[in-house]
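Any read-out appearing in this document is the output of simple, stated calculations on the displayed coordinates, not a laboratory observation. Keep in mind it's a predicted model, so treat the numbers as computed, not measured. When we count neighbours, we look across all protein chains shown, and the Cβ atoms used for this are built from the backbone with ideal geometry, even at glycine.
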Amino acid sequence: MDAAISDPAQLLESARALYPKLRERASQVEAARKISSDSFQEMKEAGLFRMTQPKAYGGAQLPYHVFCEAVMEIAQGCPSTGWIYAVIGEHNVTLGAYYPRQAQDDVWAEAPDTYIGSGNSPELVYTEQDDGWLVNGQLRFSSGCEFVPWHMTGGRINGRPGRILFPQAGNEIIDSWNSMGLAGTGSHDVKLNNVRLPDHRICFDAGPGPWFNDTPLYRQPQWSTGPFCLAAAVVGAGQGALRLFIDMVSGRNAKFGAKVAEFQSIQLRIAEAAAELDAARRMILGDLRETHEVLESADEMPVEMRARNLRDMAFAPVLAKRAVDRLFYASGAESLDLGGDLQRYYRDVNAGAQQICLNWDANGTVFGRIALGMEPGPVRW
């Protein structure tokens, strides 16, 4: 593997350098309801998709906080592209942590640049057979399904919590994603018709990944760490909205010729939004750095840290929503135009914050119960 691809500073700089092109393409991405193939190729060539891939397959295997910082950079230019990048990168971690070596070889051995999508799967039907499993049903909210040759999903499999991994080939993509925000993620449904799964592509227990991918990245608990990448996409979109707002007001005149940038109210809204977004960014990256440090010398995270992570991955998007809401309000009627960029950031931030793993009521309640000395209740760590 090229040494430059494993260098965190170089990878983050590559992500930042994509901002102008991503922002230029963002309106086209929304209209097409899928991310730009040019952007996808540019991220691939920069090595960004391999940040979280195991070294055994030529990946960089970098700490999760480095990856989430890259997600923020990508999402600043195009939130939908940042969301897809987050999903694919997180699934590298899940495959490397939970599935046996044979399943990882199926995906990466001959095609190390392969990408993995996912989706919500409450309605899948599993039939156990002598040589594996047969799966039918419909996968919902499969972000980036038009770009990925593999999918994974988790849920209850005949009453047991588990995960499955299957190829996209032979499955039908249902054009179902007509969202008010993050339209460019193309999060359509995928219909599974008699998909056959060998036993090694379905797992029920804690994964064997850390036995041969032995780093903190693959020891981190999925539910109290993984969704930070989605929170990072929401916060990155908020940062993009702030950059755009500053550009908008810098050269804008108000009624009677006054410069908008000289209004104290505008200056304060910028300061408030920047403070909220900086706090959200530091929250995400700080929690993930601490998680990495703990798992360098331990196999598990303390319950209190898991609860803190759940709290913060949900509260960071709350801060991003507050920031973008105040910017949108301060921009006046001009931003109501559906052809404008700020209203798209506003919708994208609100759509991303709706993701179930970022639900403040659910995650905040877990933290509150732990802080009060109570059992956390039914929660996936």
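So the values come out like this:
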read-out: Kirkwood-type radius of segment 3-114, with distances r between different C-alpha atoms, in Å; value: 14.2 Å
read-out: Magnitude of the charge dipole, segment 3-114, Cβ model with Lys/Arg +1 and Asp/Glu -1, debye to 20; value: 180 debye
read-out: Cα-only radius of gyration and Dmax that characterise segment 86-224, units Å; value: 14.6, 45
read-out: Segment 251-312: translational diffusion in µm²/s, Stokes-Einstein, Kirkwood Rh over Cα pairs, 10 °C, 1.306 mPa s; value: 107 µm²/s
read-out: Partner lysines for Lys21 [C-alpha distance under 22 Å; skip if fewer than 8 residues away on the same chain]; value: Lys34, Lys44
read-out: C-alpha long axis of helix 8-17 to longest principal axis of the chain, angle in °; value: 50 degrees
read-out: Residue-span extension gain [Phe204 to Leu372] - 0.36 nm each, minus C-alpha spacing; value: 57.3 nm
read-out: Enclosed volume per residue, in Å³, of the convex hull spanned by Cα atoms of segment 161-315; value: 175 Å³
read-out: Helix 79-98 axis, angle to the chain major axis (alpha carbon atoms, nearest 10°); value: 30 degrees
read-out: Spin-label proximity, Lys191 to segment 154-175 - amide N less than 12 Å from point 7 Å beyond Cα toward beta carbon; value: 171-175
read-out: Highest-fluctuation residue, Pro167, Pro20, Pro227 considered, GNM on the chain with Cα pairs under 10 Å; value: Pro20
read-out: Reference-scaled alpha-carbon Rg (2.2 N^0.38 Å with N residues) for segment 25-175; value: 1.07
read-out: Helix 342-352 axis, angle to the chain major axis (alpha carbon atoms, nearest 10°); value: 30 degrees
read-out: Normalised per residue, the volume of the convex hull around the Cα set of the chain (Å³); value: 135 Å³
read-out: Ordering of 360-369, 83-92 by packing [mean C-beta count within 10 Å, highest first]; value: 83-92, 360-369
read-out: Extreme residue, positive dipole direction of segment 3-114, given options Tyr64, Gln53, Ile74 (C-beta unit charges); value: Ile74
read-out: Computed helical MRE - 222 nm, the chain, DSSP H runs ≥ 4 contributing -39500 (n - 2.57), nearest 500; value: -16000 deg cm²/dmol
read-out: Selected from Ala17, Ala333, Ala109 as most flexible by GNM, with the chain as the system and alpha-carbon contacts under 10 Å; value: Ala333
read-out: Antiparallel %, DSSP beta bridges [both residues in segment 87-238], to 5; value: 95 percent
read-out: Burial order of peptide ranges 122-133, 314-325, 188-199 (average beta-carbon count within 10 Å, highest first); value: 314-325, 188-199, 122-133
